[in-house]
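Structure first, then comments.
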Amino acid sequence: MNHCAPSLCPACGARNDCALADPASADRACWCYSVSIDPQVLRALPEALRNKACLCPRCAQVLDQLPTQNR
Ligand SMILES: [Zn+2]
């Protein structure tokens, strides 16, 4: 059974690299602030998974919007 793990993608369980989930980087803006996630991607998520934790960049389908040093 999984308990709440905000640093993991709720869709695939991979690390989402959310800056806010890690105290060491919580003062930095998360990568998700600089990308625009297609609303359709969010709508495709089950309601229970939304707003629980960040998606990983792959599931959010924003890999091509991220600077290369973040990959
Ligand atoms: Zn994912």
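What's the magnitude of the charge dipole for the chain around its Cα centre, counting Lys and Arg as +1 and Asp and Glu as -1 at the beta-carbon? Answer in Debye, nearest 20.
That gives a dipole near 100 debye.
Using the Cα centre of the chain as origin and beta-carbon charges of +1 (Lys, Arg) and -1 (Asp, Glu), tell me which of CYS12, TRP31, VAL62 is placed farthest towards the positive end of the dipole.
Positive-most Cα among the choices belongs to CYS12.
Determine by what factor the alpha-carbon radius of gyration of the stretch 19-70 differs from 2.2 N^0.38 Å, reporting the quotient.
So the stretch 19-70 has a normalised radius of gyration of 1.19.
Between GLN65 and GLU47, what is the spin-label point distance in nm, taking each point 7 Å from the Cα along the Cα→C-beta axis?
2.5
Quick note: the coordinates plus some simple rules give every number you see, no bench work behind them. Remember, predicted model here, so these are calculated numbers, not experimental data. Because the Cβ atoms are built from the backbone with ideal geometry, glycine has one as well, and the counts that use them run over all protein chains shown.
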